[in-house]
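Have a look at the structure below before the remarks.
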Amino acid sequence: MGIERLAHPKVVFLDVGGPLYDDDNFVVAVTSALDELRAAEGRGAVDRGELRALYDGFRNGDGTSLRTALAERFLGSASRRGELHERTRAHWVHPAGTLYPDALPFLAAVAAHAPIGVLANQEAGVIDALRRDGAGELISIWGVSAVVGYEKPSRELFEWCLDRAGAEPGEAVHIGNRFDNDVLPAHELGLGTVWVLRGEAPDVALPEQAAVADLVVPGLAGVDRVLFP
């Protein structure tokens with residue numbers, strides 16, 4: 001384990017929220033969904049400060065399931081998690097200007113050496129967003145959960161993307177910002193892993209979790225030189 005296993009991969013996969021787009025796009029979506037569901041019951045908008053506190057607790061590993069916690073606190077029952085998820089989907093978009101500044105330079109640098117795949121739990125609209133923002137032409141494999149029908153952390157989405165790339169796990173690197181959805185399942189399958197600590201990632205990685213990743217970074221700048229020295 002370590003950065004040496006990341007060098008010269010046959011294919012590079014990336015999550016979307018966190019590595020490429022600001023995860024606040026999801027926060028905006030789930031906030032709108034909660035407001036709509038509460039309004040339909042004659043209740044007021046959610047307290048933004050309280051919602052942010054729940055979100056930060058989730059990011060920093062308090063064991064909370066974010067959608068479950070939000071449904072319980074703001075909709076009155078954890079059993080409404082599925083309802084909240086479906087309503088959130090209608091609002092979950094990536095507006096122009098929310099692609100991280102280091103995303104396009106990184107993608108362009110990597111695409112000169114290896115194919116790039118999206119491997120993400122996202123709605124189908126993310127494909128149009130990435131094409132709008134100039135990244136679409138740099139991406140060869142679209143492992144988008146809403147299109148493919150598999151979701152992380154299940155191995156099926158990883159295996160689907162590997163099959164499309166014609167690569168074995170040891171020939172691939174996955175870059176993501178969630179330990180549970182990205183780093184751990186990719187590591188267990190044998191992919192190299194890069195953990196990007198932004199978006200839904202914790203402020204500081206727990207040492208025992210950081211030890212699972214081959215590389216832990218604050219952003220994408222310079223990662224291309226680790227992959228293709």
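Bear in mind that the values in this text are calculations on the coordinates, not laboratory data. None of the values given here were measured: they were computed from a predicted structure. Note that we place each Cβ from the backbone using ideal geometry, even for glycine, and neighbour counts take in every protein chain shown.
Grab the Cα-Cα distance for GLU188 and ASP128, subtract it from 0.36 nm times how many residues apart they are, and report the gain in nm with one decimal. Show your work: numbers first, answer last.
Numbers: separation 60, 0.36 × 60 = 21.60 nm, distance 3.12 nm.
Contour length minus Cα-Cα distance gives 18.5 nm.
Quick one: Cα convex hull volume of segment 51-93, Å³ per residue? Before the final figure, lay out the partial values.
Numbers: hull volume 3.1 nm³, N = 43.
Each residue corresponds to 73 Å³ of Cα convex hull volume.
Work out the FRET efficiency for ALA211 and ARG155 from their Cβ-Cβ distance, taking R0 = 22 Å, and round it to the nearest 0.05. Please report the intermediate quantities before stating the final value.
Details: r = 22 Å, r/R0 = 0.98.
That gives a FRET efficiency of 0.55.
Please grab the % of Cα pairs in the chain that end up more than 28 Å from each other.
Numbers: 7555 of 26106 pairs.
Every Cα pair in the chain considered, those over 28 Å come to 29 percent.
Suppose each label sits 7 Å from its Cα in the direction of the beta carbon; what would the ALA45-ARG5 distance come out to in nanometres?
It works out to 4.7 nm between the two label points.
Using amide H atoms built 1.01 Å from N in the peptide plane, name the residues 5+ places from VAL11, or on other chains, whose amide H lies under 5 Å from its own.
Answer set, sorted by chain and number: VAL173.
Output wanted: per-residue J couplings in Hz (rounded whole) for segment 27-41, from phi through Karplus 6.51 cos²θ - 1.76 cosθ + 1.60, θ = phi - 60°, x for Gly and Pro.
Listing the rounded values in order: 4, 4, 5, 5, 5, 4, 4, 4, 4, 5, 5, 5, 4, 5, 9 Hz.
With θ set to phi - 60° and the Karplus curve 6.51 cos²θ - 1.76 cosθ + 1.60, what are the ³J(HN,Hα) couplings of segment 86-97 in order, to the nearest whole Hz, using x for Gly and Pro?
My calculation for segment 86-97 gives 5, 5, 4, 4, 5, 9, 7, 10, 10, x, 4, x Hz in order.
Would you mind telling me which residue in GLY192, GLY166, GLY117 has the biggest mean-square fluctuation in a Gaussian network model of the chain, where springs connect alpha carbons within a distance under 10 angstrom?
Checking each option, the largest mean-square fluctuation is seen for GLY166.
Restricting to bridges with both residues inside the chain, how much of the DSSP beta-bridge set is antiparallel, in percent to the nearest 5?
Details: 1 of 20 bridges.
Bridges in the chain are about 5 percent antiparallel.
Roughly speaking, what is the centre-to-centre gap between segment 191-229 and segment 43-107 when only Cα atoms are used, to the nearest Å?
One Cα centre to the other: 22 Å.
Using a Förster distance of 41 angstrom, determine the FRET efficiency expected from the C-beta separation of ALA112 and ALA90, and round it to 0.05. Let's see the in-between values first.
Values: r = 37 Å, r/R0 = 0.91.
According to the calculation, E is roughly 0.65.
Describe numerically, in nm with one decimal, the distance between label points set 7 Å from Cα along Cα→Cβ at SER79 and at ALA221.
Here the answer is 5.0 nm between the modelled labels.
If you put +1 on each Lys and Arg Cβ and -1 on each Asp and Glu Cβ, how big is the dipole of the chain around its Cα centre, in Debye rounded to 20?
On the way: 21 positive and 34 negative charges, 57 e Å.
Magnitude of the dipole: close to 280 debye.
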